[in-house]
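What follows draws every value from the coordinates through simple rules; no lab data is involved. What you are looking at is a predicted structure, and each value in this text was computed from that prediction instead of being measured. Heads up, the Cβs are rebuilt from the backbone with ideal geometry, glycines too, and the neighbour counts pull from every protein chain shown.
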Amino acid sequence: MWTIITPLKQEAIRARPVVAVEDVLGAQRLGEIAQAHGLVPSYETVPLGGAVDLNRPNLVVICGPRLSPHTAAVLNQDQHLRFIMAPGNVWTLHDTGTDTLHRSGLDSAPPRASDVAYLGRLPRPDRRGTLTIFTGIHLQGSLGVVHYLSQHLTELDAELGGRCFSMLLGITFDPETSEPLLVKPLSRVYLQEAHTI
């Protein structure tokens, strides 16, 4: 079984908790990938405020550091790829191996229909297992990761087994629909050797 977790966000106008359309689509497509691999998907949300139990088996978490301090703590374990807040309060991904900063095209002037996403398998907070976690800097990046996994999950499993890893993906998407048009690696696949579980 895979438990797929997406974040709730505060609706701008009525202040209601909602799940973004892109996250719903991503979770549904990820559930289809799980079923194609003989797994049964279940779905949960990270509540407003970001408190979520990550010490469970078979978790796939689609959530970044902005919406959950619990996922931020997991992401901060990564030895090679870091979310940082750049000047202007813009989330940026830092590849420490090459000292390269990756910024979303949506945060450029003028904006471009491209995003950057993080994908990794990292230790759970209790250190008694791992979880898969991914997120774009923006929602379109998360959809791009699901697209990438639909084509490369078997290959990643064969290459990595149960080892902890992380990588960055670059996503070009349709500006009208947010659908990924091109997804490609932006970094090498980094092994988190000290955290192999």
Shape call for the chain, from the Cα gyration tensor axes a ≥ b ≥ c (a/c under 1.5 means rounded, otherwise prolate when a/b beats b/c, else oblate), comes out rounded
Report the extension gain between residue 56 and residue 32 in nm, rounded to one decimal, defined as 0.36 nm multiplied by the number of residues separating them, less their alpha carbon distance. 6.5 nm
Dipole axis of the chain (+1 Lys, Arg; -1 Asp, Glu on Cβ), positive-most option in 167, 47, 182: 47
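Based on the alpha-carbon gyration tensor of segment 47-91 and its eigenvalue square roots a ≥ b ≥ c, which shape applies: rounded if a/c is under 1.5, prolate if not and a/b is larger than b/c, or oblate?
Working: a/c = 2.82, a/b = 1.50, b/c = 1.88.
Judged from the Cα gyration tensor, segment 47-91 comes out oblate (a/c at least 1.5, b/c at or above a/b).
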Applying the Karplus parametrisation 6.51 cos²θ - 1.76 cosθ + 1.60 with θ = phi - 60° to the phi angles of segment 59-73, what ³J(HN,Hα) value in whole Hz is obtained for each residue in order, glycine and proline being reported as x? 8, 10, 10, 9, 6, x, x, 5, 9, 8, x, 5, 6, 4, 5
May I ask for the longest run of the chain untouched by GluC sites (Glu not before Pro) that are loop-located per DSSP and have at most 13 neighbouring C-beta atoms (other than their own) within 10 Å? 12-175
For segment 119-167 versus segment 46-78, the gap between their alpha-carbon centres in whole angstrom: 13 Å
Quote the charge dipole size of the chain about the Cα centre in Debye, to the nearest 20; the model charges only the Cβ of Lys and Arg (+1) and of Asp and Glu (-1). 420 debye
